[in-house]
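Asks: One structure, pasted below without further comment.
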Amino acid sequence: MEISSVIAAAQAYVTRQYESHPSPVLVYHNLVHTSQVVQAADQIAAYYRLSDADHLVVMLAAWFHDMGYLEGERNRHEASGADAVLSFAKEHNLPDDMARAAADCILATHIPQQPKNLLEQIVCDADLFHLGSKEFSKRNKLLRSEAELATGNKISGAEWTRTSIHFLESHQYHTAYCRTLLNSQKEENLEKLKIKLEEKQREAMEEKSGKAPAEKKAENAGKDEKKKPGVETMFRTTGTNHIRLSSMADSKANIMISVNSIIISVLLSVLLRKLEDYPSFTLPAIIFLATCVTTIVFAVLATRPNVTSGRFTEEDIKNKKSNLLFFGNFHKMSYPEYEEGMETIIKNPDYLYSNMIHDIYNLGVVLGRKYRLLRLAYNTFMFGIVASVIAFTVAAIFFNAKS
């Protein structure tokens, strides 16, 4: 069985089906989308170096996964696609287990996706590959147009954006390859949708207030109101970046703690018991142990939380000295006290922005301290390991290994 010839036959068959059954409704689930899924599936499969048989299963599933749309079976298009690939496999005398595996891959793309093995995971991720690409916005608009054509109902921009946000938040890539490659862009796409939804909700509120576009434009001319979306985006992006950097710092510190804890455990359980027989290794062992302990201390300091008072006074609110957006300033207060303080800053936009600026500044200060300590931990580990290796080498070469 020639794998490439079977894939070529599947491509020719699916292409003929789309060309012979043109549908004005399928502006998204068309041959373009199928070709993109095939390309993505081939890319992911190449990374995992699948066998020829498994590669064929994935490619067949990618070509046939949306065939059900040609038959008008939107609600059960996966089942129709599975039937189509089974028929194709039978015509080309493919093994039953291979045909069944391709059909299962197609069935696994049903939302919510629940793939049971690597091949199904690859096809599922290929089907939604665009969620983590720069093509997402364009493809999402086509999907909205198709949904409107299929149902005959107009879908409002806010409603579709809300649905898209929910879908992206609930979706996760199944293969480690796609998580690494696409998650960052997917988060960026999600953030853009949230900003878009906020803008649409704000426009709806303005329209509900009865102001005509011309009136709103005249009223906002020369005011800072025009800058608010950009300012809010800046605050949101900066805060998100700070939190991500903090999470990265914590992860790096945890790595240092884990690695050095393991080293210390091995050192205490194995090497120290041998020092009576190998006294020349005593100093290198002490250097090694001191390096690990010092590294752990710096890593723990980098992740250790600070304890704050957890309270603010009415005077702090009036003088704009308290940041109510940071939990450390209110975690010991009663809810009515906190609610009153929050209502005060909500009514005062300047105070609100002041709190947000203060919050970002505090995050930056904490980040600076974390990364300073983390740098010390990594430097200590690096130089300590080098010194320990040199010490062990000198002891082994220039001193008697055994007393």
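The values are calculated or read from the model by the stated rules, or taken from the named source; none is laboratory data. From a predicted model like this one, the values you see are computed outputs, not experimental measurements. Glycine gets a Cβ as well: all are built from the backbone with ideal geometry, and neighbour counts include every protein chain shown.
Asks: Examine segment 131-148 for a residue that is in the same structural domain as A9 (by TED's automatic domain parsing), out of contact with any strand residue (DSSP E or B) (no Cβ under 7 Å at 6 or more places or on another chain) and under 21 Å from A12 (Cα atoms), and state whether such a residue exists.
Replies: Checking segment 131-148: not a single residue is in the same structural domain as A9 (by TED's automatic domain parsing), out of contact with any strand residue (DSSP E or B) (no Cβ under 7 Å at 6 or more places or on another chain) and under 21 Å from A12 (Cα atoms).
Asks: Among the candidates A387, A391, single out the residue that is surrounded by 16 or more Cβ atoms within 10 Å (Cβ to Cβ) and within 25 Å of S261 (Cα to Cα).
Replies: A391
Asks: Moving on to the next point. For segment 68-89, indicate whether the set of residues that are farther than 22 Å from S164 by Cα, out of contact with any helix residue (DSSP H, G or I) (no Cβ under 6 Å at 6 or more places or on another chain), surrounded by fewer than 16 Cβ atoms within 10 Å (Cβ to Cβ) and in contact (Cβ under 8 Å) with a residue 24 or more places away in the chain is non-empty.
Replies: Checked against the condition, which is being farther than 22 Å from S164 by Cα, out of contact with any helix residue (DSSP H, G or I) (no Cβ under 6 Å at 6 or more places or on another chain), surrounded by fewer than 16 Cβ atoms within 10 Å (Cβ to Cβ) and in contact (Cβ under 8 Å) with a residue 24 or more places away in the chain, segment 68-89 yields at least one hit.
Asks: List the helices (runs of 4 or more DSSP H) that sit entirely inside segment 101-206 and contain at least 3 residues that are touching a residue at least 40 places away in the same chain (Cβ under 8 Å) and either β-branched (V, I, T) or closer than 27 Å to L70 by Cα (or both).
Replies: Here the list reads 118-127, 136-151.
Asks: Which one of these is at positive phi and either at pLDDT below 65 or not charged (D, E, K, R) (or both): G310, G341?
Replies: Testing whether each residue is at positive phi and either at pLDDT below 65 or not charged (D, E, K, R) (or both) leaves just G310.
Asks: Could you tell me whether segment 68-91 includes any residue that is in a loop (DSSP other than H, G, I, E, B) and more than 30 Å from the chain's Cα centre (by Cα)?
Replies: Within segment 68-91, one or more residues are in a loop (DSSP other than H, G, I, E, B) and more than 30 Å from the chain's Cα centre (by Cα).
Asks: Condition (residue is more than 31 Å from the chain's Cα centre (by Cα), closer than 25 Å to N117 by Cβ and either surrounded by 15 or more Cβ atoms within 10 Å (Cβ to Cβ) or at pLDDT 95 or above (or both)) applied to segment 12-24: is it met by at least one residue?
Replies: Yes, segment 12-24 has at least one match.
Asks: If we scan segment 126-142, do we find a residue that is within 22 Å of V6 (Cβ to Cβ) and crowded, with 17+ Cβ neighbours inside 10 Å?
Replies: Within segment 126-142, one or more residues are within 22 Å of V6 (Cβ to Cβ) and crowded, with 17+ Cβ neighbours inside 10 Å.
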